[in-house]
Amino acid sequence: MVEEDMRSVNSQSTEHLVYSMTPREDTPYTPYEVDRLKRHLKFHFMTPCQKFKARKRKPWKLIVQILKIIIVTTQVFVFGMQRGNFVDFEQKTQLSLQHLLFKGWEPSYETMPYPAAIGRYALYKTTEIVDHLNYAMTNFNLTEKLAIGAYGFTEDQAGLRSKTATLTLVKFQVGEIFPNNVTYNLNPNLDKVSLTFNATKLENGTEVYDFQQVLRNNGQELSVNKLHSMELNFSLYGIHLKQGTNKVNVEPDCLLIKGKIKYDNSKHNGQMTVFMEIELVSKTCNDGSIFEEDTELETIALILLDSVVVLLCFLSTVTCARSMKRSVILYRKSRVFFKKHYGYKCTWDDVMVFANFWYVMIVTSDILCVIGTGLKVAISHQEYKYMEYSGMLLGIATVLVWMGVIRYFEYFERYNVLVLTCKKAFPDVIRFMICAATIYIAFTICGWLVLGPYHIKFQTIFASSECLFSLVNGDDMFVTFSVIDDKAPTAIWIFSRVYLYVFISLFIYFVLNVFISVIIDTYEVVKQHYIDGSPKTVVENFIDSCPDDPSSPLYISDMYSTRQCCSSAGCWLFFCGRRRDYTDDLTNILE
């Protein structure tokens, strides 16, 4: 209550500060110049509709932002469908090759059940390693016959179809382990040995793939104690048919599929995990004449769309930059005016009246959108490695583009509640989050350290944080309690119960409710300001003292009483044209 009373007194004293200040006797400003400054400040902070009513100035920034939202959203939708189609092809290609080359692969490995109902795909015997490699190479040799997908073998340096693969062995330089007498002799330095995995021709003329024979031919041997990891590299050609609504109406992509089957034995815990990675590289298709007309039209449409996006972002950046420059100039003139006319030094609150962070956000979105569009153009030239970066940049830019329109809601009291609540609650929320984050980080580290070896949701520090964040939002509480390893010691089991009960009670019943109360208190203050009026700075009260509404002809006369030193479009864009208005008069007087 005391704090609210002090705020009320401060607001009342600030509200009448302008009127209690009397001009200095040696002021260089005439009443006419003071009134013009009021009108100029009031015009600067008018809504686009009020500016149009006052000086018939069209709301170009608003028009550009609306067009940018429409065009950028259209671009993102088109790119999102293309990207989703390509990523789906990549994932399905990897799954089909895993079914083809991995012995004992089952569809259950493809799903992500929670909690996990099946372990990772892994090998546990030396014979399984040999059988797995032989099985993979045998089926790789039969890819064109067995696979449903459109896959083909690549050519070697002689131009012949190559059905071979490269096997890379990563081994310790010295690796001897004697479990009987608990001794070892290890050199941690690693050596890499690359082998060509060719087929072995038997006496009857048939060709088989024998991993052991490949090792013997190259003077190597399979020693799991020395083996750190293996990598089987292969390559195939593939064609991505991009399906339309009722036909294949887009030119297919010809791709080089670079595959890697990795055998990870780095932990030497008796489990060798096996997984596959693929990379798609664009290749030039040899024949695609039936798609030339459709492809040309699609290419022109995409180039036109990207060009319009870049143009709108450029115009948006220029208009926002001009507005920010005008705000800075107007603040400097106002600061000089209050100093010379009233002997008043502008405070930080007065400075923030001229600050508009919405423009900063809009310019940031424009920069991200232009960079993302540039990467998107590179993708259209078959540079698929930029696809993820382009998606992230365009996604963030889209969020900022849509949020940039919220600034226009500030002109409507009923729609401005969210913005004002966030703005006023931000300092309190930051202070609250800093205190809550210390407790949260402490629980995160503790959970990972104690429960990590026995609980799937605490195995890593990031998984621990994600688990606790989910608990705060009421997600998977029973599962979190129940999935702890049955083989965990009793003390760990008891600790997990106490740990989870304390964390859930503390954050859900206390921290979360306090956080909500901070927002609600700010919201109530904002609502009260709509009834009683919000506290205003000296500059704002000075502007409010201007009796001229937007329909006053004085705004038109002020505009026509100025002259342009440069009227070209280039001057308008690059700020070299400026009006000789009251700012010039004030500058001359001060000089």
Express the accessible area of the range 134-199 per residue in Å², computed with a 1.4 Å probe while the remaining protein chains stay in the model. 63
28 Å Cα-Cα threshold exceeded, pairs from K171/K487; K325/K424; K283/K376; K103/K163; K42/K424; K242/K385: K171/K487
Output wanted: per-residue J couplings in Hz (rounded whole) for the range 209-223, from phi through Karplus 6.51 cos²θ - 1.76 cosθ + 1.60, θ = phi - 60°, x for Gly and Pro. 9, 10, 4, 5, 5, 4, 5, 5, 5, 9, x, 10, 9, 8, 10
Karplus-derived HN-Hα couplings along the range 144-153 (A = 6.51, B = -1.76, C = 1.60, θ = phi - 60°), whole Hz, x at Gly and Pro: 5, 8, 8, 6, 6, x, 7, 10, x, 7
Pairwise centroid distance, computed over Cα atoms, of the range 455-476 with the range 349-369, Å: 36
Near the amide H of F45, under 5 Å away, which other amide H atoms are found, from residues 5 or more places off or on another chain, if H is placed in the peptide plane? none
Taking H placed 1.01 Å from N in the peptide plane, check which residues at least 5 places from S162 or on another chain put their amide H under 5 Å from its amide H. T154, E155, D156
Rounded, prolate or oblate for the range 492-550? Axes are the square roots of the Cα gyration tensor eigenvalues, ordered a ≥ b ≥ c, and the cut-off for rounded is a/c under 1.5. prolate
Short version: ³J(HN,Hα) in whole Hz for each residue of the range 298-311, in order, from phi by Karplus 6.51 cos²θ - 1.76 cosθ + 1.60 (θ = phi - 60°), x for Gly and Pro, what are they? 5, 5, 4, 5, 5, 5, 5, 5, 5, 5, 5, 4, 4, 5
Taking the full set of protein chains and a 1.4 angstrom probe, give the accessible area of F77 in square angstrom, rounded to the nearest 10. 140
What are the residues whose amide H is under 5 Å from the amide H of S552, where those residues sit 5 or more places off or on another chain and H is modelled from the backbone? none
How large a share of the accessible area of the range 324-436, in percent, is made up of carbon and sulfur atoms when the probe is 1.4 Å and the other protein chains stay in place? 69
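The values are calculated or read from the model by the stated rules, or taken from the named source; none is laboratory data. Just so it is clear, the structure is predicted and the values come from calculations on it, not from any experiment. Areas reflect the complete protein model, heavy atoms only, side chains present, ligands, DNA and RNA absent. Shrake-Rupley method; radii C 1.70, N 1.55, O 1.52, S 1.80 Å.
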